[in-house]
Amino acid sequence: MSELLRERALVLMRAPGSFALAALPTLLAVCSALAMFSLFLLAQDVSPLEALRLMFKGAFGSSFAWANSLQRAAPLMLTALCVALPARAGLVVIGGEGALALGGLAAGSVAVMAPSLAVKAAVPLMVLMGALIGGLWIAFAGMLRQWRGVNETIGSLLLSYLGIALFNHLVEGALRDPASLNKPSTLPLPESWMVGAMPGLEVHWGFAFGAAACVLAWIFLRWSVPGFALNVVGGNVNVARLVGLPVDRLVIGACFAGGAAAGIAGAFEVAAVQGSANASLLSGYGYAGILVAFAARQNPLAVIVCAVLVGGIGASGSLLQRRLGLPDAATLVLQGLIFANLLAWEALQGRLANWQLRLSSLGARDV
Amino acid sequence: MSEAVVSTLAIGMIGGAIRVGTPYLFVSLGECITEKGGRVNLGLEGILVMGAMSGYALSYLSGSPWIGLLCAAAMGLCMGLLHGLICSLPRVNDIAFGIGLMLLGTGLAFFLGKGFIQPQAPQLPALSLGSFIADPRWRSALSINALFPIGVLLSLLLHWGLRSTRPGLALRLVGDHEGTARALGYPVATVRIIATAVGGAFAGVGGAYLSLCYPGSWSEGLSSGQGIMAVALVIFARWRPLGCLAAAMLFGAAGALGPALQSIGISSGYHLFNAAPYALTLAIMIASCRPRQTLGGTPGELSLTR
């Protein structure tokens with residue numbers, strides 16, 4: 001009995017150690033990215049300490065800053081799922097921006113097609129339409145890969161460019177509200193359709209929706225049979241074929257789910273932030289979502305945390321611009337540095353696996 | 001449609017094939033070298049944008065477009081070197097790091113290039129091959145930039161180099177079968193790093209073409225994904241430099257469709273016409289790829305087509 005207890009205690013003691021080891025490359029990557037960013041700022045004659053202080057202030061320094069960060073995190077969680085879900089099947093899909101644009105357009109077109117709908121029907125319909133169009137768009141990239149052997153990274157990005165062209169064509173053409181002169185937009189949603197803020201917060205319901213989607217995705221991948229099958233496909237596709245898993249259906253399904261998430265992100269941007277589909281939708285959430293997914297190591301729960309952090313980086317841009325006169329691309333530079341560092345520090349992971357093994361064998365010897 | 005309109009359109013497309021196709025040519029030659037060594041560099045898009053920015057900036061600061069061009073090539077070389085070095089570390093995925101480099105390069109270029117959006121930098125000179133023709137449409141179509149003949153020469157040189165020189169054969173061997181190359185004593189990682197760096201320099205030149213020739217100014221929307229399309233273009237060209245030349249001209253013509261249609265007065269739906277290269281790329285990839293089967297000419301170590 002006491003033996004068993006000791007073993008349990010050892011396992012518990014080991015767990016934080018191995019968790020810390022797993023998080024170590026990510027932490028090191030962020031630290032080295034911040035160091036490089038500081039050097040970059042020094043080269044621009046800007047005090048890095050002041051810039052980092054302002055970034056923290058602009059991201060999480062006040063309730064207004066928090067609201068801004070979380071508002072940006074809402075679409076990021078969903079576009080990150082567009083990368084993370086197909087990644088579980090071994091695909092690198094980077095077409096989230098196009099799916100987001102088309103999802104937003106589909107949501108905006110609901111107001112054009114059926115302006116007299118009741119609120120209770122309109123908002124779910126907008127989300128559903130966004131999910132359907134976004135999902136089909138990315139599922140097409142999955143189909144091209146499974147059925148035609150077209151590389152999904154290039155295919156999804158090309159589809160994304162095509163989607164954005166279609167978006168611009170329709171917003172400036174058939175679906176344009178004639179009253180929108182300077183900034184082509186679709187017909188504005190009726191005031192009552194707008195998705196409001198969550199009680200007690202200044203953040204719209206899209207954030208809760210995104211977080212719930214991440215948790216659901218995690219539960220699906222961790223506990224469901226199709227989720228397990230998807231992980232098998234991602235681990236070794238030959239094994240998956242050998243045991244008779246429907247590989248094509250699983251891969252395309254994962255792409256559809258990811259695209260649907262990105263489409264919903266677009267729908268919420270229209271229904272909660274913009275009020276109509278216009279070019280402001282194309283502000284790079286799809287690309288930043290790639291960073292979020294990789295930083296989270298394609299784990300949907302970690303996506304929530306990383307989306308808030310990356311949202312914070314985006315939110316701090318305007319403060320850097322106003323106080324230090326830095327171009328708004330400063331946040332893009334930091335994001336790029338973090339991304340490149342994350343991937344480069346991945347090299348450490350192999351060494352870490354060795355240490356982890358040694359750690360656990362140490363524990364085993366004690367028992 | 002009357003005959004004059006059709007001929008204007010055709011001449012516009014021919015001129016456009018060269019004008020719009022030249023950056024595709026340089027970037028795809030760069031990607032071809034990189035992929036021959038067995039690596040994929042999706043970061044060429046970022047390198048292209050960085051090359052466009054640094055070339056324009058240096059041309060403006062120094063007053064000589066050729067110094068700008070050199071700087072763009074050097075910038076591409078450095079970024080390619082970075083990709084080559086990092087991807088030589090264990091467990092680093094070249095496709096993923098390429099995406100990282102794409103985001104980093106675009107961010108850096110937007111940041112550093114903020115001050116160069118307004119001023120006009122000296123441009124690379126154009127050669128007017130059609131000065132003896134009376135028709136002004138032909139004359140403007142045949143006013144060809146100096147970089148195009150250089151690109152054609154380079155693709156011929158690469159065609160010969162990859163086929164019949166020792167370094168070319170070493171590069172192909174490293175890309176086709178790592179084990180054999182290692183057994184023969186070739187430094188696999190070094191060869192790949194050099195190939196990626198040289199490929200980056202080509203992409204930098206392609207970027208400088210965008211800012212120093214056509215469209216001929218620096219702005220944040222300058223690149224429309226040429227770096228990514230070049231990857232698809234190399235697949236279509238089956239990793240042959242002369243194939244890259246032909247494919248780049250085809251893509252250039254597709255890219256010139258929008259402006260050519262506008263010149264004859266068709267301007268509705270120009271977003272769709274401007275997206276023609278993407279649709280063409282996708283269509284070509286659908287037509288030329290096969291599931292679970294590698295194409296002829298594919299470097300064996302390439303992760304892209306597995």
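The values are calculated or read from the model by the stated rules, or taken from the named source; none is laboratory data. Computed from a predicted structure; not experimentally measured. Using ideal geometry, Cβ is built from the backbone for each residue, glycine included, and neighbour counts are taken over all protein chains shown. These area figures cover heavy atoms from the full protein model, side chains too; ligands, DNA and RNA do not enter into them. Shrake-Rupley method; radii C 1.70, N 1.55, O 1.52, S 1.80 Å.
Of note, A:G311 does not satisfy the criterion of being more than 8 Å from chain B (Cβ to nearest Cβ) and over 13 Å from the mean Cα position of the chain (by Cα).
Scanning the stretch B:247-306 for residues that are farther than 25 Å from B:V152 by Cβ, more than 10 Å from every other protein chain (Cβ to nearest Cβ), in contact with a Gly (Cβ under 7 Å, 6 or more places away or on another chain) and not in a loop (DSSP other than H, G, I, E, B) turns up just one, B:S263. Taken across the stretch A:172-186, residues that are within 14 Å of another protein chain (Cβ to nearest Cβ), closer than 30 Å to B:R292 by Cα and crowded, with 21+ Cβ neighbours inside 10 Å do not occur at all. Taking A:G289, is it within 12 Å of chain B (Cβ to nearest Cβ), outside any loop (DSSP other than H, G, I, E, B), open to solvent by less than 20 Å² (accessible area, probe 1.4 Å) and free of Cβ contacts under 8 Å to residues at least 12 places away in the same chain? The answer is no for A:G289. Within the stretch B:144-154, can one find any residue that is without any contact (Cβ under 8 Å) to a residue 12 or more places away in the chain and more than 24 Å from the chain's Cα centre (by Cα)? No - not one qualifying residue is present in the stretch B:144-154. Evaluate the following for B:S164: is it out of contact with any helix residue (DSSP H, G or I) (no Cβ under 7 Å at 6 or more places or on another chain), small (G, A, S) and within 14 Å of another protein chain (Cβ to nearest Cβ)? Against the criterion (out of contact with any helix residue (DSSP H, G or I) (no Cβ under 7 Å at 6 or more places or on another chain), small (G, A, S) and within 14 Å of another protein chain (Cβ to nearest Cβ)), B:S164 does not qualify. Looking for something crowded, with 19+ Cβ neighbours inside 10 Å, within 14 Å of chain B (Cβ to nearest Cβ) and assigned to a helix (DSSP H, G or I) - is there at least one such residue anywhere in the stretch A:268-278? Within the stretch A:268-278 (the criterion being crowded, with 19+ Cβ neighbours inside 10 Å, within 14 Å of chain B (Cβ to nearest Cβ) and assigned to a helix (DSSP H, G or I)), the answer is no, since none of the residues qualifies. Scanning the stretch A:154-195 for residues that are touching a residue at least 12 places away in the same chain (Cβ under 8 Å) and in a loop (DSSP other than H, G, I, E, B) gives A:E172, A:L175, A:D177, A:S180, A:K183, A:P184, A:L187, A:P188, A:L189, A:P190, A:M194, A:V195. Being open to solvent by less than 20 Å² (accessible area, probe 1.4 Å), in a helix (DSSP H, G or I) and touching a Ser or Thr at 6+ places or on another chain (Cβ under 9 Å): is that true of A:V333 here? Taking the combined requirement at face value, the residue does not satisfy it.
Residues that are open to solvent by 20 Å² or more (accessible area, probe 1.4 Å) and either of a type outside the set (D, E, K, R) or within 13 Å of another protein chain (Cβ to nearest Cβ) (or both) within the stretch B:223-239 comprise B:S223, B:S224, B:F236, listed in sequence order. Being of a type in the set (G, A, S), open to solvent by less than 60 Å² (accessible area, probe 1.4 Å) and over 24 Å from A:W147 (Cα atoms): is that true of A:A254 here? In short, no. Selection over the stretch A:122-143 of residues that are open to solvent by 10 Å² or more (accessible area, probe 1.4 Å) and within 14 Å of another protein chain (Cβ to nearest Cβ) gives a count of 3. Across the stretch B:107-127, the qualifying residues are those that are assigned to a helix (DSSP H, G or I), more than 7 Å from chain A (Cβ to nearest Cβ) and open to solvent by 20 Å² or more (accessible area, probe 1.4 Å), and the one among them that is farthest from B:Q226 (Cα to Cα) is B:G115.
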